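I have a structure here, written as structure tokens, and I will follow up with some questions on it.
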Amino acid sequence: MPVATPPRITLLTDFGTADGYVAAMKGVIAAIAPAAIIDDASHDVAAGDVHGAAWALAGYWDRYPPGTVHVVVVDPGVGSVRRALAVAAGGRMFTGPDNGVFTYVLDAVPDAVMIELPVAGSAVSATFHGRDVFAPAAARLCLGVPLAQLGAAASGAMRLDIPAAVAGEGAVHGVVVHVDRFGNLVSNIGQAAVGRLGRVSVGGRTCRLRHTYADVDPGELVAVVGSRGFVEVAVRDGSAAALLRAQRGAAVIVDDGAR
Amino acid sequence: MPVATPPRITLLTDFGTADGYVAAMKGVIAAIAPAAIIDDASHDVAAGDVHGAAWALAGYWDRYPPGTVHVVVVDPGVGSVRRALAVAAGGRMFTGPDNGVFTYVLDAVPDAVMIELPVAGSAVSATFHGRDVFAPAAARLCLGVPLAQLGAAASGAMRLDIPAAVAGEGAVHGVVVHVDRFGNLVSNIGQAAVGRLGRVSVGGRTCRLRHTYADVDPGELVAVVGSRGFVEVAVRDGSAAALLRAQRGAAVIVDDGAR
Amino acid sequence: MPVATPPRITLLTDFGTADGYVAAMKGVIAAIAPAAIIDDASHDVAAGDVHGAAWALAGYWDRYPPGTVHVVVVDPGVGSVRRALAVAAGGRMFTGPDNGVFTYVLDAVPDAVMIELPVAGSAVSATFHGRDVFAPAAARLCLGVPLAQLGAAASGAMRLDIPAAVAGEGAVHGVVVHVDRFGNLVSNIGQAAVGRLGRVSVGGRTCRLRHTYADVDPGELVAVVGSRGFVEVAVRDGSAAALLRAQRGAAVIVDDGAR
């Protein structure tokens, strides 16, 4: 017997799991869309780290097939005037707060369509829109309910101010935009901007741009073009963030150096 | 082609995931009920924190649709004389140790039915009933095996002693029953008891009861009626637990204050 | 309507989840095998801990039903000359790096078949074979694509050097091979080797071999035959690793002692 394609929803939050908040969202989804497969993207985004959520989402949203619904609830402004959104972009759908979590998606999909989800009603708490607004909307979307039935057309979603790298004479200037679990420092300098340049400087140290981490000895600093196409600085079997005491926002320069 | 509704099981443990214990439970379930969707509720309950598990479960068990099977394995007494239970309550089913993890469920569902699961046999280890008892029983339940086929009728499940709030003259006295990931202090004082009272005191500090966290400035103390209907004290974009050095059991008072 | 059996894939990594790497792998799988259920085994293996991954996998791979595909990506040598493998063993399938993560599986299944997965091509990054090699291969395998279609026959997979316990006169000498979340010290001394011996020594302390943790008082040291059939040393409601300052590799002796 062939297996029918079930609806699929992903969840990205900063809730952790131990308090049962995430499970409540899953239950709400399962009650509305009983066949839905719910994939945890992450619940370990740092509390309130909207950029971290936006960055993570950028890495997976279009790896999922069209029809997938991505729920993002990193929402320090819950219950305030910030809008609740549902978005259709590139064949996927999204629900989450209008606080910048969709920045990378909207940058990639200029013709994204969005609506504002209503947040009134006795069933909607002031502090948990993940459970009361974003999860049920996502469940309806994955069942095929049209976006327009869930709310009124909206526009002008909030975007995070993500700096762009600047190419100058024989050098590209950028910043660290994300520090990952391994302490890798991911910059905003894309592969195309690098061209034949081969020296990377960050935190007062320099290293060569290589193919992969294992091209240097354990403990050594190395730069590579990472899996999203951006220059990143790592320590093999170690943490560049710890070694360089570098954080998001640290300056990164790629230049010619002494070959 | 319509998608059939698969059986659904949730897992709540204090196992973490890195040792493979949880995956062993999932494998046992998949071997018995190959179509079952297994949702992680959490594996990050503090080691041995039975109340934390009971609290988390209370937040999601009835959000899931009837027919869902909830497995709870926070079980410091595994292998001792404590019973292994399967419970049917409110249309959902449960498996787990008889140590109080079902307290809130049983409080909410007076006509819950329960059986004692056998723990003898060469296939049952003394230290991992999650894998050898609770997971296989849950898998059978989600396939429609009647509860009564899995064991003998039981009663008198252990309940945790959860304090009730006490309403006095113009004031309600309660305690913190849960501290969540954000450092929010959740009390046992329900919305109904609060009425028009508006001042909340905990840990030597007072604050006003507001609609949501964002009604105060970042770093300020605020009280709200949380997503489960209980008064909780938070710090916007911060941790009330850290600020007030308050833990589970700390006294909470809601009164009239100076309006 | 009966529910068809969906393909099932498990994921074991050291990626954490917050960076979106794991979700990217899930998306790749869902795009190729839309009906696949993806179970998280763990993403909390210590960074680069190949033995920890091998140990965890050993605990669940054959609990899952035949046909399951297990993906293991703890891969500090990604992009280097280490091979990428797909393995068929005991009715289950596996994808992951050739760095020892499959040691216990291959020890248990002498007739395992394996192929080398190609890692060339513009769609394969140098730093994220989890997304670009192991996840898509696993998705194809779970759809029924034969192993041989994914690469050329391979042999001689790397094995970790896991010490064996040694039985002497009235004593068995072994080592701690894994420390779990609870601080339990799991040895390589199997139940059969123990026979009637009853005293366990580790880290300068001794204790008796008992049935379960609850056979001693809280805070006391106890040895049991754990859920995988090996002697382990625990502290009831505490951590043996912390009490004894013992780590992987610590000597463990089981002998007769004074009964």
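The values are calculated or read from the model by the stated rules, or taken from the named source; none is laboratory data. Since we're looking at a predicted model, the values are computed, not measured. Here the Cβ positions follow ideal geometry from the backbone for every residue, glycine too, while neighbour counts run over all protein chains shown. The protein model used for the area step is the full one, side chains on, heavy atoms only, and it has no ligands, DNA or RNA in it. Shrake-Rupley method; radii C 1.70, N 1.55, O 1.52, S 1.80 Å.
For region C:181-196, what does the Karplus curve 6.51 cos²θ - 1.76 cosθ + 1.60, with θ = phi - 60°, yield as ³J(HN,Hα) per residue in whole Hz, taken in order and with x for Gly and Pro?
With coefficients 6.51, -1.76 and 1.60, one gets 4, 8, x, 6, 9, 9, 9, 9, 9, x, 4, 5, 5, 6, x, 9 Hz.
To the nearest 20 debye, what is the magnitude of the charge dipole of the protein assembly as shown about its Cα centre, counting +1 on the Cβ of each Lys and Arg and -1 on the Cβ of each Asp and Glu?
On the way: 60 positive and 69 negative charges, 64 e Å.
With only Lys, Arg, Asp and Glu charged at Cβ, the dipole is about 300 debye.
Of all the accessible heavy-atom surface of the protein assembly as shown, with the other protein chains kept in place and a 1.4 Å probe, what percent is carbon and sulfur? Walk me through the intermediate numbers first.
Working: 15580 of 29210 Å².
The computed percentage sits at 53.
Using a 1.4 Å probe and counting only protein heavy atoms, arrange B:LEU150, B:LEU243, B:LEU209, C:LEU85 so the residue with the most accessible area comes first. Walk me through the intermediate numbers first.
Working: B:LEU150 25, B:LEU243 85, B:LEU209 45, C:LEU85 0 Å².
Listed by decreasing accessible area, they come as B:LEU243, B:LEU209, B:LEU150, C:LEU85.
On a 1.4 Å probe surface of the protein chains, which of B:ARG245, A:ARG181 comes out largest in accessible area, and what is the full order? Before the final figure, lay out the partial values.
Details: B:ARG245 205, A:ARG181 100 Å².
These residues rank, largest area first, as B:ARG245, A:ARG181.
A further question on this structure: Dipole of the protein assembly as shown (Lys/Arg Cβ +1, Asp/Glu Cβ -1, origin at the Cα centre): which of C:HIS211, C:ALA4, A:PHE134 lies farthest to the positive side?
The residue sitting farthest along the positive end of the dipole is C:ALA4.
Continuing with the same structure: Once phi is turned into θ = phi - 60°, what whole-Hz ³J(HN,Hα) does the Karplus curve with 6.51, -1.76 and 1.60 give for every residue of region A:52-67, x standing for Gly and Pro?
Karplus-based 3J(HN,Hα) across region A:52-67 equals x, 5, 4, 5, 4, 4, 4, x, 10, 4, 9, 6, 6, x, x, x Hz.
In whole percent, what relative contact order does region B:7-58 give with Cα contacts below 8 Å and a gap of six or more residues?
Details: 59 pairs, mean separation 26.4, N = 52.
Result for region B:7-58 is 51 percent.
Tell me what chain A gives for mean residue ellipticity at 222 nm when only DSSP H runs of n ≥ 4 count, each as -39,500 (n - 2.57), the sum divided by the residue total, rounded to 500 deg cm²/dmol.
That calculation yields -4500 deg cm²/dmol at 222 nm.
Counting only C-alpha contacts under 8 Å and six or more residues apart, can you give the relative contact order of chain A as a whole percent? Before the final figure, lay out each step's value.
Working: 553 pairs, mean separation 39.7, N = 259.
Here the relative contact order equals 15 percent.
Sticking with this structure for a sec: Sort shortest first the distances from C:PRO163 to its counterpart in every other copy, using label points 7 Å along the Cα-to-beta-carbon line, and give them in nm.
5.1, 5.1
Classify chain B as rounded, prolate or oblate from the Cα gyration tensor: take a ≥ b ≥ c as the square roots of its eigenvalues, call it rounded if a/c is under 1.5, otherwise prolate when a/b beats b/c and oblate if not. If you can, show how the numbers build up before the last one.
Values: a/c = 2.18, a/b = 2.07, b/c = 1.05.
The shape class here is prolate.
For the protein assembly as shown, what does the alpha-carbon gyration tensor say about shape, rounded, prolate or oblate, given a ≥ b ≥ c as the root eigenvalues, a/c under 1.5 as rounded, and a/b over b/c as prolate?
rounded
Turning to a different aspect of this structure: Given R₀ = 30 Å, what would the calculated FRET efficiency be for A:GLU220 paired with A:GLN191, taking r from the Cβ atoms and rounding to 0.05?
On the way: r = 22 Å, r/R0 = 0.73.
My answer for the efficiency is 0.85.
Using a 1.4 Å probe on the protein heavy atoms only, what accessible surface does B:THR5 show? Give it in Å² to the nearest 10.
B:THR5 exposes around 90 Å² with every protein chain in place.
In addition: Tell me whether region A:44-88 comes out rounded, prolate or oblate; compute the Cα gyration tensor, take square roots of the eigenvalues as a ≥ b ≥ c, and use a/c under 1.5 as the rounded threshold. Intermediate values should be presented prior to the final figure.
Details: a/c = 3.01, a/b = 1.41, b/c = 2.13.
Judged from the Cα gyration tensor, region A:44-88 comes out oblate (a/c at least 1.5, b/c at or above a/b).
Still on this model: Can you list, shortest first and in nm, the gaps between the label point of B:SER80 and those of its counterparts in the other copies, using a point 7 Å from Cα in the C-beta direction?
List, nearest first: 4.7, 4.7 nm.
Counting only residues 5 or more places away or on other chains, whose amide H sits under 5 Å from the amide H of B:THR10 once H atoms are built in the peptide plane?
When sequence neighbours closer than 5 places are left aside, the close amide H contacts are B:ASP39, B:VAL69, B:HIS70, B:VAL71.
Hey, how many Å between the Cα centroid of region C:2-60 and the Cα centroid of region A:66-136?
Answer, in whole Å: 27.
Let me ask another. Just to confirm, what accessible area per residue do you get for chain C at 1.4 Å probe, in whole Å²?
Values: 9740 Å² over 259 residues.
So chain C comes to 38 Å² accessible per residue, rounded to a whole number.
Ignoring ligands and nucleic acids, what accessible area does C:CYS142 show with a 1.4 Å probe (Å², nearest 10)?
Surface open to solvent at C:CYS142 totals about 20 Å².
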